[in-house]
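What follows is a short report on a single structure.
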Amino acid sequence: MSWSRALLTALAVCALLLAGSAGCGSGDSRAHKGDRVSPSPVGKVLDNTDEQGRHYREVGKKGAPEVGIEVEPDASDDSWDVRLTVHDFRFSPAGVKPVAVAGRGTVRLLVDGRTVARLRVPDYRLAAALVPHGTHHVTARLYADDGTVWAVHGKPVESTADITASAVQATPDGSRTPGSASTRGPE
C-alpha cells in the first residue's frame, strides 16, 4: 500500500506543477491589450552620441516618434512658454524602468546645446535667466527611458526653435515682452 500512496502523491504533485506552470504567463492578466510593454529590444543602438555621450537608438522612419516645439515670450515675467507637440510618442511617468520601449520616453530641453530640463509633460516655462540677451536655439530632443536618443537615419529626433531675447520692452497696452521667437521644423 505504501508504494501506491507514494505514486498517488507523486502524480498529484506533478499535476499541480503542470497546472501551475500553465497559468504562469509573461503578461499580466489584468493588463489591457494596449497597456502591455514589449520586453524585446527596440531599434539598434548606434555608435553616434549626443553632447553628453548618450548613444543614438536608430528606428525606422515609419512609425518613428516625432516632436515639434513652439516657444513664445511670456510678457508677465520675462520667461518663455515652451509647448511641445509629439506624434507616435508617449511621455513616461516618473519611476519607470530604464528600458527602451517603442515610442516612449522623455524630452530633454536644450538651450544652445546645453540641457536645461528633462520633461515628462508637453508644457514648460523657460526662465528668462536661461535665455540671456541675444539669439538662442531651443531644442526639444526625444530620449528613450534607458537614456538613449531616439534617432532616424542616424540623426536625433528633435526640433529647434530660434529665439531672440532682447531688452524688456513695454507694449502699447502696458505689458512687457522679453523678445521674439521663430520655430524650425524637425532636424
Segment 68-128: relative contact order from alpha carbon pairs under 8 Å, six or more residues apart, as a whole percent, is 36
Between E72 and D145, Cβ-based FRET efficiency (R0 30 Å, step 0.05) works out to 0.55
Rounded to whole Å², per residue accessible area for segment 57-170 with a 1.4 Å probe reads 46
Rounded to one decimal in nm, the spacing of the 7 Å Cα→Cβ label points at H153 and A94 is 3.8
In Å³ per residue, the alpha-carbon convex hull of segment 131-170 encloses 89
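The values are calculated or read from the model by the stated rules, or taken from the named source; none is laboratory data. As the structure is a prediction and not an experimental result, all values here were calculated from the model. FYI the Cβ positions are ideal-geometry reconstructions off the backbone, even for glycines, and counts take in every protein chain you see. Quick note on the areas: whole protein, heavy atoms, side chains included, nothing else; ligands and nucleic acids left out. Shrake-Rupley method; radii C 1.70, N 1.55, O 1.52, S 1.80 Å.
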